1. Determine whether the range 398-412 contains at least one residue that is among the acidic types (D, E) and in contact with a Phe, Trp or Tyr (Cβ under 8 Å, 6 or more places away or on another chain).
2. Please specify each residue of the range 94-104 satisfying the condition of being open to solvent by 10 Å² or more (accessible area, probe 1.4 Å) and either outside any helix (DSSP H, G or I) or closer than 17 Å to T255 by Cβ (or both).
3. Out of all the residues in the range 210-243, which are part of a strand (DSSP E or B) and over 30 Å from S417 (Cα atoms)?
4. Identify all residues within the range 377-406 that are part of a loop (DSSP other than H, G, I, E, B) and more than 26 Å from the chain's Cα centre (by Cα); write none if there are none.
5. Return the residues of the range 154-165 that are free of Cβ contacts under 8 Å to residues at least 40 places away in the same chain and among the hydrophobic types (A, V, I, L, M, F, W, C); say none if nothing qualifies.
6. Starting from the range 186-209, keep only residues that are over 18 Å from L170 (Cα atoms) and outside any loop (DSSP other than H, G, I, E, B), then list their pairs with residues that are open to solvent by less than 50 Å² (accessible area, probe 1.4 Å) and modelled with pLDDT under 90 whose Cβ atoms are within a distance under 8 Å, requiring at least 6 positions of separation or different chains.
7. Do you know which of the residues in the range 166-183 that are free of Cβ contacts under 8 Å to residues at least 40 places away in the same chain and out of contact with any His (no Cβ under 8 Å at 6 or more places or on another chain) is surrounded by the fewest Cβ atoms within 10 Å (Cβ to Cβ)?
8. Looking at the range 356-373, I want the residues that are under 29 Å from D243 (Cα atoms) and have a partner that is aromatic (F, W, Y) and modelled with pLDDT of 95 or more with Cβ atoms under 6 Å, at least 6 apart or on another chain. Which pairs are those?
Amino acid sequence: MASPKSHRHHPQPNGDLKTHVPKKQKVPAFLTDSDLQSEFAHHDPSVARINNGSFGSCPASVIAAQQQWQLTFLRQPDSFYFNGLKKGILESRAVIKDLINAEDVNEISIVDNATTAVAIVLQQIAWAFAEGRFLKGDVAVMLHYAYGAVKKSVEAYVTRAGGRVIEVQLPFPVSSREEIVSEFRAALERGKVDGRKVRLAVIDHVTSMPTVVIPVKELVKICREEGVDQVFVDAAHGIGCVDLDMKEIGADFYTSNLHKWFFCPPSVAFLYCRKSPRSMELHHPVVSDEYGNGLAIESAWIGTRDYSAQLVVPSVLEFLDRFEGGIDGIKKRNHEAVVRMGEMLAKAWGTSLGCPPDMCGSMIMVGLPACLEISNEADTLTLRAHLRESFGVEVPIYYRSPKEGEVGPITGYARISHQVYNKEEDYYKFRDAINKLVGTKFTCKLLHD
């Protein structure tokens, strides 16, 4: 793995960064099954960990690279600050720039997580309301299935500033992309009633719960046609899970965590900001001496803290190179495996998937037997805890409210993930746990007695 002193990118005489990732002289051997087990030997072997989507996973070789960065700082902090930190973060930004096909490395900032990126984007929206550039009642549109922290951030920054928020009501289960596109168009039309202007659209790339891959290219194109001022794609599950190309997607802002599906240690994310005069209006919420030097520079120094998670991106790239097809090969195999395991579970339980296979990435929703009687959000949490504590299965559960008049509805769905460390036995363990509960006539009510 790359040490703190090794760099793939080198400043040029004019101070610009050479952002092309050079080919290695020696192609590393692909990981064997034994190598892979060693990389994730720190995982609890007693748990079927089919929930990579929540916290991600970090291989031992990347953890070792992170520890080297930490020791470099602790050994001589001043030298690290003046000679290593900025150069290392710039290298990580350059790697990300190439991976997501951004135009310029200055469009890439590294932050703690996607929630921080949301705060950065929404902060400038709040300022636009406060300074009179946006009018009270101007609109922000977001998906009903937006992540909870994103909804709260919109409330804190947009609603409080005087903006009106319209949620795109999406169906679940989802049967087609057309359903999503139609609901999105309808929400934009509602936003423009009485001459209001839609100032911001917040679009998930991969929704969290329930998980569905959203047709972001189509929705961004619609926003451009309808005159939406700014488009922000929240892709907490983006990089490493679905294909990313900033030039094709065309959003103003795009964020993705690097610790969920890209094997970085927690926590680290990137925020892409398409180059425009508006870029200088973006600032990190934590203000340091770098304020006013551009978001990427501001984000690279927010005071004394551990920056090691931001510095190991080149080491992660080396880890990915040890898989056939690199990150694209991993995405393809994860998708195929999660669909296969999802279909196996649905068949075993007599249920169905939450969306067509081509609308999922490395996660998919699987219906749970109706006889479990999952009747509210509290039931999902107690059932999840029961599976963890009694069966050694870690998987999130989603509650779906039944429609009026629906007979025998599936009200509980499990979100299963697949990552390189998972084995089929993990999903069989989950299948057998649910079958045992069904066989003993278990219901969620029993956990509340």
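The values are calculated or read from the model by the stated rules, or taken from the named source; none is laboratory data. Remember, predicted model here, so these are calculated numbers, not experimental data. With ideal geometry, Cβ positions are generated from the backbone for all residues, glycine too; neighbour counts draw on all protein chains shown. Just the protein is used for accessible areas: all its heavy atoms, side chains included, with ligands, DNA and RNA removed. Shrake-Rupley method; radii C 1.70, N 1.55, O 1.52, S 1.80 Å.
1. Of all residues in the range 398-412, those among the acidic types (D, E) come to 404, 406.
Checking the rest, the ones that are also in contact with a Phe, Trp or Tyr (Cβ under 8 Å, 6 or more places away or on another chain) come to none.
No; the residues of the range 398-412 include none that is among the acidic types (D, E) and in contact with a Phe, Trp or Tyr (Cβ under 8 Å, 6 or more places away or on another chain).
2. Here is the first cut: in the range 94-104, the ones open to solvent by 10 Å² or more (accessible area, probe 1.4 Å) are 97-99, 101, 103-104.
Matches in the range 94-104: K97, L99, N101, E103, D104.
3. Pass one, the range 210-243, residues part of a strand (DSSP E or B): 213, 230-234, 239, 242.
Result: Q230, single match.
4. If we filter the range 377-406 for residues that are part of a loop (DSSP other than H, G, I, E, B), which is where we start, we get 392, 395-396, 400-406.
Across the range 377-406, the qualifying residues are P402, K403, E404, G405, E406.
5. Step one: of the range 154-165, the residues free of Cβ contacts under 8 Å to residues at least 40 places away in the same chain are 155-157, 159-165.
Matches in the range 154-165: A156, A161, V165.
6. V198/G191
7. Step by step, filter the range 166-183, then rank; the result is E178.
8. M365/Y413; G367/Y413
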